[in-house]
Structure formats: C-alpha cells, structure tokens
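Read the structure below first, then the notes.
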Amino acid sequence: MSTAHAEVRDLCRRALSGHRRETIREMLDRLGRSPLAALPRDIYGEGEAMQALERDVAALLGKPAAVFMPKGVIAQQAALRIWTDRSGLCTVGLHPKCHIDLDERSAYERLHGLAAVRLGLDHQPFSVADLEAAAEELGAVTVELPLRRAGFKLPDWDALVAIADWCRARGVPLHFDGARLWEAQPYYGRSLAEIAGLADSVYVSFYKGLGGLGGSILAGPTDFVAAARVWQTRHGGNLFTAFPFVISAAEGLQRYLPRMAAYRARACGLAEALSALPGVEAVPAAPHTNAFQLYLPATTNALDAAHLDLARASGVWLFGRFAETALPRLAMTEINIGDAAEDLSDGEVVELVGRLVRVAQAS
C-alpha cells in the first residue's frame, strides 16, 4: 500500500474487510489487560504461556504436539523438508496458485533443493485425478485450505478425504497449509480436529482471521515437531521472546474463532447482493469461507483513482488493491469479512460499489 493510500485509509472511519482497526496504543493496552500478561515472558520458546498456546492449539487440531513459529514461511519450509527427507524424494505435489509456490520467493527450491510437481488447474483445487496424472513420484503433498488465489476455494469433503486416502495408501506425507483453516471449518461442518486429522501435519496462522500480531503453529506427530524445532532455529525463527505474539494469538482464538460461521454467512449474503450489480461477479458465487474474489467491469487504474476519491468522500475503505485479469476492462479485488463489516449493511456496500464502478467506467 502506497503512502497516499495509507493516509486515506487511516482517515476512514469504517472498512469492509478484516477486523476493526486499533491504534497501536489501543492494541497494547488491550493485550496488557490479558491475564496472560501477568505470566513470565517466554525465552527462546520456553514459557508457561507459550507452552499453553502450543498445547491448546495441538488439542484443537487433534495433533500430539505443536510448535509456535514466528512466520508461516518457516513452518511450511520445515514441514516440507522434514517429510521429503523422510520419504527420500525431493518432489512436492502442490497447486500452481498456492502460497508456497507463489509468495515465498521459491524458498522450498532455493533453501531446500525441493522440486515442485504442480497439480491441477489454476481456478480450482486439485483432485485425486490430478495426483494420479502426476508425471513423477511424490515425496510429499501439500494442500492449501482454502486456496486463496483461486477465490478462497476449498475441495469438498469427499475430495479432501480422497486426497488423504491416496497419500496414505502410497506412504506419501500430506501437509495442510491451513493459514485460513479457522475460516474453512464452517464450510465442512466438522471439527478442526477431524479436518486436520486427514493430514500428517498442519500449519495455522494467528494474524489473518484471528487478528493477531503475527505468528503461527505447526502441528503434527511428536517426533515431527521435535525436528521442526531444529529447523526453526536453522531458519532464524527461534525468537528471544515472542510474548506479545502469544498473548494476541490466545486472545484471537477466544475472540474471533467462535464467530467464523457468522462471518462466512455474511460473506455469502454479500456476494449474492453484489453480484446483482451490472457486470459485477463474486467468485465463488457462494463463498466457501468468509472471503471471496470480486470482479469489477473497469480498469485497475480507473478503479484505484475512483476508490481513493470515494474513500475520502464516504469515510469507508472498501478494498485493498485491484488486480488485472486476462480481460483488459475487468479487474479483481478481494473481500474478507471480519467484525469491521458489522459497521456496514449489505445495502450500503452495494450502493458504494455501484458508485465506484460507475465513476471508474466514466473516467
């Protein structure tokens, strides 16, 4: 986000995506009032609050053990390296639009010498048929739940079980990139433990839907987590103290996790309402999670300029950024429902998006 965009964003009283914003002072004051703030801080991963968080999340995910990681990138690299070392194969089956392949600067290749075997089509999660069609034997498989770049889409439950069964039958380790697994749970209508139980390991994030300062958990078998702690140190991820992150993670689990089903329901209603606007389309039409892509019939430059003007005039910040698509006058943006959206009705959002599109098209 540019300085100009950030300045306008800071002036807005309401926003569509994410959770309500706090000032740094407000956030620190809130965290300071947590009962956890009375505990001694963790030192290099050892501390009462840290171990409680690891135990609690391991139990939520139905895994024997878990380790706090400051970055999901570290958690994912550790998981893939451990599993491929054990399988003796450097190939990783993954989706071509997954975070590991697109957003981590090829870390799995550059740092660990792993090779991607890309599975499936750009616009939907891969399936067992795609695994069967892989041209190489796989050392590990990873599934991103949900697949953000394809519209926060999830494979249906039977398809996910089939992937897990395929991997288990062939002795191929399965890892879930569950950065938004909290948000995915309502779609499946099953417990987090039942979902995570399909995979050998799972990573979850604390700063997206849970609104934490940062950090993540990598969970799996006890010996796997012990090995992950070694790779955490090798990646420079064993912080002297992560105490503020631990408090915000625990607060986020209490504050936002119980509301994920309501956030998804709101996303479904809003997607339907917005799709009634001429030329506007939500993908998926019925969102799988609390987030979805929104396609708007105008250029990215025109939308960006109109969006800044609309934000200044209305005091509402609708979107983060606009991305180009294959069609020259069709742009894509994302909506991610949290508690901030509670300050806006569907009717207000539809009216504002309609104004935005009309101004952008006329420019």
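Coordinate-derived values only; no laboratory data. Nothing here was measured: the structure is a model prediction, and the numbers come from that model. A quick note on method: Cβ atoms are made from the backbone with ideal geometry, for glycine too, and the neighbour counts reach across all protein chains shown.
Points worth noting:
- Computed from the C-beta positions of Asp56 and Arg259, the FRET efficiency with R₀ = 22 Å rounds to 0.75.
- Length added when fully stretched, Thr233-Glu46, from 0.36 nm per residue minus Cα-Cα: 66.0 nm
- Dipole magnitude (debye, nearest 20) for the chain, charges at Cβ of Lys, Arg, Asp, Glu: 580
- Distant-in-sequence amide H partners of Gly18 (H built 1.01 Å from N, under 5 Å): Asn336, Ile337, Gly338
- Taking the empirical scaling 2.2 N^0.38 Å for compact globular proteins as reference, the stretch 219-363 has a Cα radius of gyration ratio of 1.37.
- Kyte-Doolittle mean at least -1.0, axial Cα span of 15 Å or more - DSSP H helices of the chain: 48-61, 72-87, 157-170, 222-234, 243-255, 260-274, 300-314, 346-362
- [x] 94, 43, 41; [y] 63, 44, 38; [z] 59, 55, 37, with the label sought being that of the calculated Cα extents along the principal axes in Å: [z]
- Label point 7 Å beyond Cα of Phe240 along Cβ direction - residues of the stretch 22-45 with amide nitrogen under 16 Å: 41-45
- Using bins of 5 Å that start at zero, the share of Cα-Cα pairs per bin across the stretch 6-50 amounts to 5, 17, 17, 16, 14, 12, 10, 10, 1, in whole %.
- Estimated distance in nm for a label pair at Arg168 and Ala129, the labels positioned 7 Å out from Cα along Cα-to-Cβ: 2.4
- Bridges between two residues of the stretch 111-232, per DSSP, are antiparallel at a rate of about 40%.
- Rounded, prolate or oblate (a/c below 1.5 giving rounded, otherwise prolate when a/b exceeds b/c) for the stretch 152-252 by Cα gyration tensor: oblate
- Cα-based reach from Lys153 at 24 Å (exclusive), listing lysines while leaving out same-chain residues under 8 positions away: Lys71, Lys97, Lys208
- In order along the stretch 136-146, the phi-based Karplus estimate (6.51 cos²θ - 1.76 cosθ + 1.60, θ = phi - 60°) of 3J(HN,Hα) comes to 10, 6, 9, x, 6, 10, 10, 10, 8, 10, x Hz; Gly and Pro are listed as x.
- The distance between label points at Leu330 and Ala6 comes to 3.4 nm (points 7 Å beyond Cα on the Cα→Cβ vector).
- Using C-alpha pairs under 8 Å with a sequence gap of at least 6, the mean separation divided by the residue count of the stretch 190-251 gives a relative contact order of 33 percent.
- Of the peptides 80-86, 221-227, the order by per-residue mean of other Cβ atoms within 10 Å, starting with the highest, comes out as 80-86, 221-227.
- Beta bridge orientation in the chain: antiparallel %, DSSP, nearest 5: 55
- Just checking the listed ones, Ala196, Ala179, Ala133: in the Gaussian network model of the chain with Cα springs under 10 Å, the one fluctuating most is Ala133.
- Over the stretch 24-255, Cα pairs under 8 Å with separation of 6+ residues give a relative contact order of 29 percent.
- The distance separating the Cα centre of the stretch 69-86 from that of the stretch 289-363 comes to 36 Å.
- For the pair Leu102 and Ser363, label points projected 7 Å from Cα toward Cβ lie 2.4 nm apart.
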